[in-house]
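**Q** Here's a structure for you.
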Amino acid sequence: MRQIASDNYFQQFCAMPLIHVIIPAYNEEKSIAHVIAAIPAGLVQEVIVVNNNSSDQTAAVASAAGATVLDAPIPGYGNACLTGIAYAAAKPVPTRPDIIVFLDGDFSDFPEEMPYLLQPILAGQADMVIGSRALGQRESGSMMPQQIFGNWLATTLLRWLYGASFTDLGPFRAIRFSTLQQLGMRDRNYGWTVEMQAKAAKQKIRYAEVPVSYRRRIGVSKVSGTVKGSVMAGYKIILTIFKYL
Ligand SMILES: Nc1nc2c(ncn2[C@@H]2O[C@H](COP(=O)(O)OP(=O)(O)O)[C@@H](O)[C@H]2O)c(=O)[nH]1
Ligand SMILES: [Mg+2]
(Lines give C-alpha, C1' and ligand atoms only; values in the text may rest on other atoms or scores of the structure.)
(Ligands and ions follow the chains in the order given, each with its own letter.)
Protein backbone atom coordinates (compact mmCIF):
# COMPACT_ATOMS: atom_id res chain seq x y z
CA MET A 1 0.00 0.00 0.00
CA ARG A 2 1.22 3.50 -0.83
CA GLN A 3 3.06 5.81 1.66
CA ILE A 4 0.55 8.23 3.30
CA ALA A 5 1.22 12.02 3.11
CA SER A 6 2.49 13.55 6.41
CA ASP A 7 0.62 16.31 8.24
CA ASN A 8 2.95 19.12 7.09
CA TYR A 9 2.21 18.03 3.55
CA PHE A 10 -1.03 20.00 3.93
CA GLN A 11 0.79 23.11 5.29
CA GLN A 12 1.16 24.27 1.65
CA PHE A 13 -2.63 24.58 1.40
CA CYS A 14 -2.96 27.74 3.52
CA ALA A 15 -6.60 27.58 4.70
CA MET A 16 -7.48 23.90 4.67
CA PRO A 17 -10.97 23.62 3.17
CA LEU A 18 -13.75 22.05 5.21
CA ILE A 19 -14.11 18.39 4.30
CA HIS A 20 -17.08 16.20 5.20
CA VAL A 21 -17.37 12.47 4.56
CA ILE A 22 -20.69 10.86 3.59
CA ILE A 23 -21.01 7.09 4.17
CA PRO A 24 -24.20 5.29 3.03
CA ALA A 25 -24.65 2.35 5.36
CA TYR A 26 -27.17 -0.47 5.48
CA ASN A 27 -26.53 -3.22 8.06
CA GLU A 28 -22.81 -2.51 8.44
CA GLU A 29 -22.46 -2.85 12.23
CA LYS A 30 -19.37 -5.08 11.87
CA SER A 31 -17.46 -2.73 9.54
CA ILE A 32 -18.59 0.87 10.11
CA ALA A 33 -16.37 1.54 13.15
CA HIS A 34 -13.30 0.30 11.23
CA VAL A 35 -14.13 2.64 8.35
CA ILE A 36 -14.53 5.67 10.62
CA ALA A 37 -11.38 4.87 12.64
CA ALA A 38 -9.28 4.60 9.46
CA ILE A 39 -10.10 8.15 8.29
CA PRO A 40 -6.90 10.18 8.82
CA ALA A 41 -7.18 12.16 12.07
CA GLY A 42 -7.63 15.91 11.65
CA LEU A 43 -8.26 15.68 7.91
CA VAL A 44 -12.06 15.93 7.94
CA GLN A 45 -14.44 18.05 10.05
CA GLU A 46 -17.41 15.68 10.06
CA VAL A 47 -18.21 12.07 9.20
CA ILE A 48 -21.86 11.61 8.21
CA VAL A 49 -23.21 8.06 8.23
CA VAL A 50 -26.55 7.78 6.46
CA ASN A 51 -28.35 4.79 7.86
CA ASN A 52 -31.16 3.24 5.92
CA ASN A 53 -33.42 1.26 8.24
CA SER A 54 -30.58 -1.03 9.27
CA SER A 55 -31.91 -3.92 11.37
CA ASP A 56 -28.55 -4.19 13.16
CA GLN A 57 -26.59 -1.76 15.35
CA THR A 58 -25.10 0.26 12.49
CA ALA A 59 -26.44 3.58 13.83
CA ALA A 60 -25.31 3.00 17.43
CA VAL A 61 -21.86 1.75 16.40
CA ALA A 62 -21.38 4.67 14.00
CA SER A 63 -22.34 7.32 16.52
CA ALA A 64 -20.18 5.65 19.21
CA ALA A 65 -17.32 5.94 16.70
CA GLY A 66 -17.92 9.70 16.51
CA ALA A 67 -20.00 9.97 13.35
CA THR A 68 -23.10 12.07 12.82
CA VAL A 69 -25.80 9.51 12.03
CA LEU A 70 -28.71 10.45 9.78
CA ASP A 71 -31.68 8.17 9.20
CA ALA A 72 -32.89 8.00 5.61
CA PRO A 73 -36.26 6.23 5.65
CA ILE A 74 -36.35 5.45 1.93
CA PRO A 75 -33.92 2.65 0.97
CA GLY A 76 -31.36 3.21 -1.76
CA TYR A 77 -27.68 4.11 -2.07
CA GLY A 78 -28.43 7.30 -3.99
CA ASN A 79 -31.11 8.29 -1.55
CA ALA A 80 -28.66 7.93 1.31
CA CYS A 81 -26.16 10.17 -0.51
CA LEU A 82 -28.88 12.78 -1.24
CA THR A 83 -29.85 12.75 2.45
CA GLY A 84 -26.22 13.43 3.43
CA ILE A 85 -25.95 16.25 0.87
CA ALA A 86 -29.17 17.90 2.07
CA TYR A 87 -27.82 17.82 5.64
CA ALA A 88 -24.53 19.44 4.55
CA ALA A 89 -26.33 22.02 2.40
CA ALA A 90 -28.50 23.07 5.34
CA LYS A 91 -25.48 24.09 7.36
CA PRO A 92 -24.73 27.81 7.83
CA VAL A 93 -22.01 28.92 5.40
CA PRO A 94 -19.07 29.01 7.83
CA THR A 95 -19.56 25.32 8.66
CA ARG A 96 -20.76 24.17 5.23
CA PRO A 97 -18.24 21.82 3.63
CA ASP A 98 -16.05 22.85 0.70
CA ILE A 99 -15.40 19.25 -0.27
CA ILE A 100 -17.42 16.05 0.14
CA VAL A 101 -15.82 12.62 0.20
CA PHE A 102 -18.01 9.58 -0.44
CA LEU A 103 -16.96 6.26 1.06
CA ASP A 104 -18.64 2.90 1.47
CA GLY A 105 -19.40 1.55 4.92
CA ASP A 106 -18.20 -2.03 4.39
CA PHE A 107 -14.46 -1.43 4.87
CA SER A 108 -13.63 -2.44 1.30
CA ASP A 109 -12.06 0.98 0.62
CA PHE A 110 -8.88 2.26 2.40
CA PRO A 111 -9.96 5.52 4.09
CA GLU A 112 -6.30 6.24 4.88
CA GLU A 113 -5.79 6.86 1.15
CA MET A 114 -8.14 9.88 1.35
CA PRO A 115 -5.26 12.41 1.10
CA TYR A 116 -4.53 11.10 -2.41
CA LEU A 117 -8.14 11.49 -3.43
CA LEU A 118 -8.13 15.08 -2.16
CA GLN A 119 -4.77 16.15 -3.55
CA PRO A 120 -5.87 17.10 -7.12
CA ILE A 121 -8.72 19.20 -5.67
CA LEU A 122 -6.51 20.84 -3.00
CA ALA A 123 -3.92 21.62 -5.68
CA GLY A 124 -6.61 23.30 -7.81
CA GLN A 125 -6.21 20.78 -10.65
CA ALA A 126 -9.66 19.16 -10.45
CA ASP A 127 -13.14 19.60 -8.96
CA MET A 128 -14.01 15.91 -8.82
CA VAL A 129 -11.72 12.93 -8.17
CA ILE A 130 -12.69 9.28 -8.61
CA GLY A 131 -10.78 6.61 -6.71
CA SER A 132 -10.15 3.97 -9.36
CA ARG A 133 -9.99 0.35 -8.24
CA ALA A 134 -9.10 -0.53 -11.86
CA LEU A 135 -5.88 1.52 -11.55
CA GLY A 136 -5.22 0.46 -7.96
CA GLN A 137 -4.36 -2.67 -6.04
CA ARG A 138 -7.36 -4.97 -5.65
CA GLU A 139 -7.48 -7.95 -3.31
CA SER A 140 -8.66 -11.04 -5.19
CA GLY A 141 -12.37 -11.59 -4.66
CA SER A 142 -12.95 -7.97 -3.61
CA MET A 143 -14.90 -7.30 -6.82
CA MET A 144 -17.35 -9.77 -8.40
CA PRO A 145 -16.83 -10.70 -12.07
CA GLN A 146 -20.16 -9.03 -12.98
CA GLN A 147 -19.01 -5.90 -11.18
CA ILE A 148 -15.70 -5.80 -13.11
CA PHE A 149 -17.55 -6.38 -16.38
CA GLY A 150 -20.23 -3.82 -15.50
CA ASN A 151 -17.63 -1.15 -14.73
CA TRP A 152 -15.75 -1.90 -17.94
CA LEU A 153 -18.96 -1.65 -19.99
CA ALA A 154 -20.13 1.54 -18.27
CA THR A 155 -16.76 3.29 -18.56
CA THR A 156 -16.49 2.22 -22.20
CA LEU A 157 -19.93 3.72 -22.92
CA LEU A 158 -18.96 6.90 -21.07
CA ARG A 159 -15.91 7.14 -23.32
CA TRP A 160 -17.83 6.48 -26.55
CA LEU A 161 -20.89 8.60 -25.71
CA TYR A 162 -19.48 11.37 -23.50
CA GLY A 163 -15.80 11.40 -24.50
CA ALA A 164 -14.95 10.79 -20.85
CA SER A 165 -11.89 8.86 -19.70
CA PHE A 166 -12.98 7.01 -16.56
CA THR A 167 -11.71 3.55 -15.61
CA ASP A 168 -14.11 2.82 -12.73
CA LEU A 169 -17.41 3.81 -11.13
CA GLY A 170 -15.72 3.53 -7.72
CA PRO A 171 -17.62 4.58 -4.56
CA PHE A 172 -14.54 6.23 -3.00
CA ARG A 173 -14.56 9.75 -4.49
CA ALA A 174 -14.17 13.42 -3.61
CA ILE A 175 -15.90 16.44 -5.10
CA ARG A 176 -16.13 20.18 -4.45
CA PHE A 177 -19.45 20.84 -2.74
CA SER A 178 -20.29 23.65 -5.17
CA THR A 179 -19.62 21.31 -8.10
CA LEU A 180 -21.78 18.59 -6.55
CA GLN A 181 -24.68 21.01 -6.16
CA GLN A 182 -24.16 22.23 -9.73
CA LEU A 183 -24.56 18.65 -11.00
CA GLY A 184 -28.09 18.47 -9.57
CA MET A 185 -27.88 14.83 -8.53
CA ARG A 186 -31.17 12.94 -8.69
CA ASP A 187 -30.66 9.18 -8.61
CA ARG A 188 -31.97 7.40 -5.52
CA ASN A 189 -30.33 3.99 -5.85
CA TYR A 190 -27.86 2.20 -8.14
CA GLY A 191 -27.43 4.93 -10.81
CA TRP A 192 -25.81 7.42 -8.40
CA THR A 193 -22.14 6.92 -9.20
CA VAL A 194 -22.55 6.87 -13.00
CA GLU A 195 -24.99 9.83 -12.91
CA MET A 196 -22.28 11.93 -11.24
CA GLN A 197 -19.67 10.92 -13.80
CA ALA A 198 -21.96 11.32 -16.84
CA LYS A 199 -23.09 14.77 -15.70
CA ALA A 200 -19.53 15.80 -14.85
CA ALA A 201 -18.43 14.84 -18.37
CA LYS A 202 -21.41 16.59 -19.92
CA GLN A 203 -20.86 19.79 -17.91
CA LYS A 204 -17.12 19.75 -18.67
CA ILE A 205 -16.24 19.50 -14.97
CA ARG A 206 -12.48 19.17 -14.36
CA TYR A 207 -12.03 15.63 -13.05
CA ALA A 208 -9.18 13.30 -12.24
CA GLU A 209 -8.73 9.68 -11.20
CA VAL A 210 -6.32 8.32 -8.62
CA PRO A 211 -5.54 4.64 -8.03
CA VAL A 212 -7.06 3.32 -4.81
CA SER A 213 -6.65 -0.01 -3.08
CA TYR A 214 -9.64 -2.28 -2.60
CA ARG A 215 -10.18 -5.33 -0.37
CA ARG A 216 -12.90 -7.85 0.36
CA ARG A 217 -15.66 -6.25 2.39
CA ILE A 218 -16.63 -7.15 5.95
CA GLY A 219 -20.13 -8.63 6.02
CA VAL A 220 -22.58 -9.26 3.21
CA SER A 221 -22.86 -7.26 -0.05
CA LYS A 222 -26.26 -5.67 -0.71
CA VAL A 223 -25.56 -4.93 -4.35
CA SER A 224 -22.92 -6.73 -6.41
CA GLY A 225 -22.98 -9.77 -4.16
CA THR A 226 -26.63 -10.51 -4.94
CA VAL A 227 -28.16 -11.50 -8.28
CA LYS A 228 -31.02 -9.02 -7.78
CA GLY A 229 -28.62 -6.26 -6.84
CA SER A 230 -26.31 -6.94 -9.78
CA VAL A 231 -29.11 -7.06 -12.34
CA MET A 232 -30.85 -3.97 -10.95
CA ALA A 233 -27.58 -2.09 -10.73
CA GLY A 234 -26.54 -3.11 -14.26
CA TYR A 235 -29.88 -2.09 -15.72
CA LYS A 236 -29.97 1.23 -13.83
CA ILE A 237 -26.39 2.10 -14.78
CA ILE A 238 -27.00 1.61 -18.51
CA LEU A 239 -30.32 3.45 -18.32
CA THR A 240 -28.65 6.39 -16.55
CA ILE A 241 -25.88 6.64 -19.14
CA PHE A 242 -28.43 7.03 -21.95
CA LYS A 243 -30.75 9.23 -19.84
CA TYR A 244 -28.24 12.08 -19.55
CA LEU A 245 -26.88 11.97 -23.08
N1 LIG B 1 -28.11 3.75 3.35
C2 LIG B 1 -28.04 2.77 2.46
N3 LIG B 1 -26.84 2.24 2.21
C4 LIG B 1 -26.82 1.25 1.34
C5 LIG B 1 -27.96 0.72 0.70
N6 LIG B 1 -27.56 -0.28 -0.08
C7 LIG B 1 -26.21 -0.36 0.08
N8 LIG B 1 -25.79 0.55 0.93
C9 LIG B 1 -24.44 0.83 1.38
O10 LIG B 1 -23.74 1.20 0.21
C11 LIG B 1 -22.44 0.66 0.24
C12 LIG B 1 -22.26 -0.25 -0.98
O13 LIG B 1 -23.07 -1.37 -0.84
P14 LIG B 1 -22.46 -2.84 -1.00
O15 LIG B 1 -23.45 -3.77 -0.44
O16 LIG B 1 -21.11 -2.88 -0.42
O17 LIG B 1 -22.42 -2.97 -2.57
P18 LIG B 1 -21.19 -3.50 -3.43
O19 LIG B 1 -19.95 -2.84 -2.93
O20 LIG B 1 -21.57 -3.09 -4.81
O21 LIG B 1 -21.15 -4.97 -3.25
C22 LIG B 1 -22.31 -0.07 1.59
O23 LIG B 1 -21.78 0.81 2.52
C24 LIG B 1 -23.75 -0.39 1.94
O25 LIG B 1 -23.99 -0.47 3.32
C26 LIG B 1 -29.21 1.31 0.99
O27 LIG B 1 -30.27 0.94 0.50
N28 LIG B 1 -29.20 2.31 1.86
MG1 LIG C 1 -19.18 -2.94 -1.09
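The values are calculated or read from the model by the stated rules, or taken from the named source; none is laboratory data. Predicted model only: the values in this text are computed from it and were never measured. In this analysis, Cβ positions are derived from the backbone assuming ideal geometry, glycine residues included, and neighbour counts consider all displayed protein chains. With ligands, DNA and RNA removed, areas are computed over all heavy atoms of the protein, side chains included. Shrake-Rupley method; radii C 1.70, N 1.55, O 1.52, S 1.80 Å.
**Q** In terms of the Cα gyration tensor, with a ≥ b ≥ c the square roots of its eigenvalues, is the chain rounded because a/c is under 1.5, prolate because a/b exceeds b/c, or oblate? Could the numbers behind the result be given before it?
**A** Numbers: a/c = 1.30, a/b = 1.08, b/c = 1.20.
Here the chain falls in the rounded category.
**Q** Computing the accessible area with a 1.4 Å probe over protein heavy atoms, can you report the carbon and sulfur percentage for the chain? Please report the intermediate quantities before stating the final value.
**A** On the way: 6420 of 10910 Å².
On the chain, the fraction of accessible area on carbon and sulfur atoms equals 59 percent.
**Q** Give the accessible surface of segment 1-140 per residue, rounded to a whole number of Å², with probe radius 1.4 Å and ligands, DNA and RNA excluded.
**A** Working: 5930 Å² over 140 residues.
Result: 42 Å² per residue.
**Q** Run lengths n ≥ 4 of DSSP H only: what is the helix-derived mean residue ellipticity at 222 nm for the chain, with -39500 (n - 2.57) per run over all residues, to the nearest 500? Provide the component values of the computation, followed by the final result.
**A** Working: 8 runs with 88 residues, N = 245.
Calculated at 222 nm, the ellipticity per residue is -11000 deg cm²/dmol.
**Q** Where Lys and Arg each count +1 and Asp and Glu each count -1, what net charge lies around ALA38 among other residues with Cβ under 13 Å from its Cβ? Intermediate values should be presented prior to the final figure.
**A** Numbers: positive: ARG215; negative: ASP104, ASP106, ASP109, GLU112, GLU113.
With Lys, Arg at +1 and Asp, Glu at -1, the net is -4.
**Q** Considering Cα pairs under 8 angstrom that are at least six residues apart, work out the relative contact order of the chain and quote it in whole percent.
**A** Working: 465 pairs, mean separation 55.5, N = 245.
Worked out over the chain, it gives 23 percent.
**Q** On to the next question. If amide hydrogens are placed 1.01 Å from N in the peptide plane, which non-local residues have theirs closer than 5 Å to the one on GLU209?
**A** Under 5 Å from the amide H of GLU209: ILE130.
**Q** Just want to confirm a number: the relative contact order over segment 18-164, from Cα pairs under 8 angstrom separated by 6+ residues, in percent.
**A** Values: 200 pairs, mean separation 38.6, N = 147.
Relative contact order here is 26 percent.
**Q** Where the only charges are on Cβ atoms (+1 Lys, Arg; -1 Asp, Glu), what is the dipole of the chain about its Cα centre, to the nearest 20 debye? If you can, show how the numbers build up before the last one.
**A** On the way: 22 positive and 18 negative charges, 162 e Å.
In total the dipole reaches around 780 debye.
**Q** Here is a follow-up. Size of the dipole of segment 108-231 about the Cα centre, Lys and Arg at +1 and Asp and Glu at -1 on the beta carbon, nothing else charged, in debye to 20? Mind showing how you got there, number by number?
**A** Details: 16 positive and 9 negative charges, 70 e Å.
Charge dipole, segment 108-231, about its Cα centre: 340 debye, nearest 20.
**Q** On to the next question. Which of VAL223, VAL47, VAL212 moves the most in a Gaussian network model of the chain with Cα springs under 10 Å?
**A** VAL223
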